Amino acid sequence: MATYLIRRFLWIIPVLFVVSVITFGLMHAVPGGPWAREKALPEATVARLNAKYGLDKPVHEQYINWVGGIVTRFDFGPSYKYVERSVGDIVADGVWPTVQLGVMAFLLAILIGIPLGVIGALGHNRWPDYLSTAISIVGISTPSFVLAILLVVVFSVTLGWFPTNGWKGPNTWVLPTIALAGFPISQIARYTRASMLEVTRRDYVRTAHSKGIRNTAVVTRHMIRNALIPVVTILGPILAFLVTGSFIIEKIFSIPGIGKFYVQSIGQRDYGLLMAMTLIYAFAVAFLNLIVDILYAYIDPRIRYS
Amino acid sequence: MATNSVSRAATLPKKAPMGPWREAFGRLARNRLAIVGLGIVGTLFVLAIIGPILAPFPYASQDIDAIRANGNQPLPVGSPDHLLGTDQLGRDLFSRLLDGAQISMTVAIVVQLVVLGIGVPVGAIAGWFGGRWDTYLMRVIDVIYAFPDLLLIILLSVAFRETFFGQALNGLFLVFFAIGLTSWVTVARLVRGQLLSLRETEFVEAARAIGVSDRKIILRHLIPNGLGPIIVAVTLGIPGAILSEATLAFIGVGIQPPRASWGSLIAEGQKYVRGDSHLVIFPAIAIALALIGFTFLGDGLRDALDPKLKGKQ
């Protein structure tokens, strides 16, 4: 198990390497640089700026310098738009709202998705099932940005219960969290329901019933515990969705997280910021997938990694 | 291939038993949700094709007089001439939704063609030749799999936006390419897995033993037997592609104006959502219908083509 974990963790390094090379290469392969403005800057200014930031060097040298900075000094380089701040500062300022949003949405998705799926399966082909299925169908067919806009229209504009944007205290957290969690809730509910229906037919469930165990005990101790094992496998993709999906939600609700900068850096060709953001997102996804795999082995003792 | 099977069928002495494909079709036809999905998908395709004829106005034409008369505000639903109203520039919402249908349905098909075009050869090479090819290709697949999809799609879209390639078809070409390039790994893995298991089956071994050529084994045994799961994966990949296209358009790096992707309609309508919510609601319903349609159809195909998987996701 320990060897497996170390190998899996080390595997993140080549992944990040390839991700960074692709990102770096793409951003340098195409016309348009960070100094492109509505009104073109004088050539001498551009040359001076390029020299200052080392952008006049060959691309591979720039790449090596950049990676060297991260590895040796944990320095992600300058942002080319927010000149007075380093990429590290920008990320450090924005990372907590983003993490908080992601974690809250994840918890909400689990706390609602799993019961929804269980209720659907226990009331198979009766109204709880139809209700659960209907909610999950609406959830998977509503993109998060649509859900966000609709939530704002209904709950802030019409009813006035929550503010339309911002990130200052619990009542500003509600709508963004629901908007981000909508899709994962449906995914988890669908998987849980299917998985619960599957275990209902198993021999050990019939045995448990025939032994005279109370129904609630069969459901909680035998069925749910087994049914959740396959559900864990989709937590990886769901976490990836939460990480990369959050920037759209952050933009709609003007949340001061790092997602906002991702979208901006793309448009402004702020290589430094964009590269750092892509690496952070890729690392987050790879790392969270690793955690999910460990969790998988933990809840299902039959799985042995070697 | 087609003529070959027809002539073979003609020489068969008695009526062939009901084949697995006919059986699968029967199962699909009995699945109510799948039929609903098929209906939605079919309708959307018809609307996408006849859209330009059906649309009361060209998607980019502005009814400036009507907008002026309305105080430069979007026309509401049920206006004369504009059944679903217009946007703030006086463009007919219904006509723009039809253009969006065309974009989404083109994405649905073309992206999956790109996916098949890359995924099938890569998976087939890895699965059939095995060995070193397999190791290298699977490593590449692992890395692409680890790259968060949406990030790569956005990066590609932004990077090539200003190039000739990025401008082709109002940026639609780049959208196909970016989404296709990130989505083929699932199909490649599937094809590889199918080939690995089919290669070892007794009927393939038997065909080999009686000296059937590789080409014939692939055409007569591997493709028909391995096709089902691939059809299912491709169909279930379509909602993701449609969603990615809409997301790109929503954040403004996808298809370029004046074309009207459902995602860009929502982005534009967002500003007017307080007074003129129809500008967001109708495109949102369109996206939801497309996603539901393909999901139902994909689920139905999965249950029909692979009864072992029934009930699983």
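Here is how the numbers come out for the structure above:
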{"item": "Under Karplus coefficients 6.51, -1.76 and 1.60, residue-wise ³J(HN,Hα) of the range A:126-142 in Hz, glycine/proline x", "result": "10, 4, x, 5, 4, 5, 4, 5, 4, 4, 6, 5, 4, x, 6, 9, 10"}
{"item": "Residue of B:A168, B:A34, B:A69 that the Gaussian network model of chain B assigns the largest fluctuation, springs spanning Cα pairs under 10 Å", "result": "B:A69"}
{"item": "Square roots of 5 times each gyration tensor eigenvalue, C-alpha, the range A:98-210, largest first, Å", "result": "33, 15, 11"}
{"item": "Order of B:T106, A:T233, A:T192 under a 10 Å beta carbon neighbour criterion, fewest first", "result": "A:T233, B:T106, A:T192"}
{"item": "Residue-by-residue Karplus 3J(HN,Hα) for the range A:198-210, coefficients 6.51, -1.76, 1.60, Hz, glycine and proline x", "result": "5, 6, 4, 8, 6, 4, 5, 6, 4, 4, 4, 4, 6"}
{"item": "Mean separation of Cα contacts under 8 Å, 6 or more apart, over the residue count of chain B: relative contact order %", "result": "24 percent"}
{"item": "Amide H partners (placed H, <5 Å) of A:F162, local residues excluded", "result": "A:S156"}
{"item": "Dmax and Rg, reported as Rg then Dmax, of the protein assembly as shown (C-alpha, Å)", "result": "26.4, 86"}
{"item": "Residue mean of other protein chain beta carbons inside 10 Å, A:133-145", "result": "5"}
{"item": "Ascending count of other beta-carbon atoms within 10 Å, so fewest first, for A:S210, B:S95", "result": "A:S210, B:S95"}
{"item": "Residues of type aspartates and glutamates that A:K211 reaches as a straight line, Cα spacing below 15 Å, ignoring anything fewer than 8 places off in the same chain", "result": "A:D203"}
{"item": "Neighbour-count ranking [beta-carbon atoms within 10 angstrom, fewest first] of A:D300, B:D299, B:D65", "result": "B:D65, A:D300, B:D299"}
{"item": "Extension gain, A:F283 back to A:R202 (0.36 nm per residue minus Cα-Cα distance, nm)", "result": "25.2 nm"}
{"item": "Charge dipole (debye, nearest 20) of the protein assembly as shown; +1 at Cβ of Lys and Arg, -1 at Cβ of Asp and Glu", "result": "2060 debye"}
{"item": "Proximal aspartates and glutamates relative to A:K168, as straight alpha-carbon distance under 17 Å, when same-chain residues fewer than 8 apart are discounted", "result": "A:D93, A:E250"}
{"item": "Built amide H within the under 5 Å cut-off of B:T86, gap 5+", "result": "B:L75, B:L93"}
{"item": "Euclidean distance of C-alpha centroids, the range B:18-68 and the range A:145-206, integer Å", "result": "29 Å"}
{"item": "Cβ-derived FRET efficiency at R0 56 Å, B:A209 paired with A:K168, nearest 0.05", "result": "0.15"}
{"item": "Candidate aspartates and glutamates - alpha carbon under 13 Å from B:K271, same-chain residues fewer than 8 apart omitted", "result": "B:D87"}
{"item": "3J(HN,Hα) from dihedral phi, the range B:61-74, Karplus parametrisation 6.51/-1.76/1.60, rounded to Hz, x for glycine, proline", "result": "7, 9, 8, 5, 4, 5, 5, 4, 4, 9, x, 6, 10, x"}
{"item": "Sequence-separation-based contact order of the range A:142-221, relative, with Cα cut under 8 Å and 6+ spacing, percent", "result": "23 percent"}
{"item": "Calculated [θ] (222 nm, deg cm²/dmol) that DSSP helices of n ≥ 4 give over chain B, each run adding -39,500 (n - 2.57)", "result": "-23500 deg cm²/dmol"}
{"item": "Kyte-Doolittle mean at least -0.5 and Cα axial length at least 20 Å: DSSP H helices in chain B", "result": "B:32-54, B:93-129, B:131-146, B:172-199, B:223-251, B:278-305"}
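Throughout, read-outs are computed from the coordinates displayed, never taken from laboratory work. The model shown is predicted, which means the values in this text are computed figures rather than measured ones. Glycine also receives a Cβ, built like all others from the backbone with ideal geometry; neighbour counts cover every protein chain displayed.
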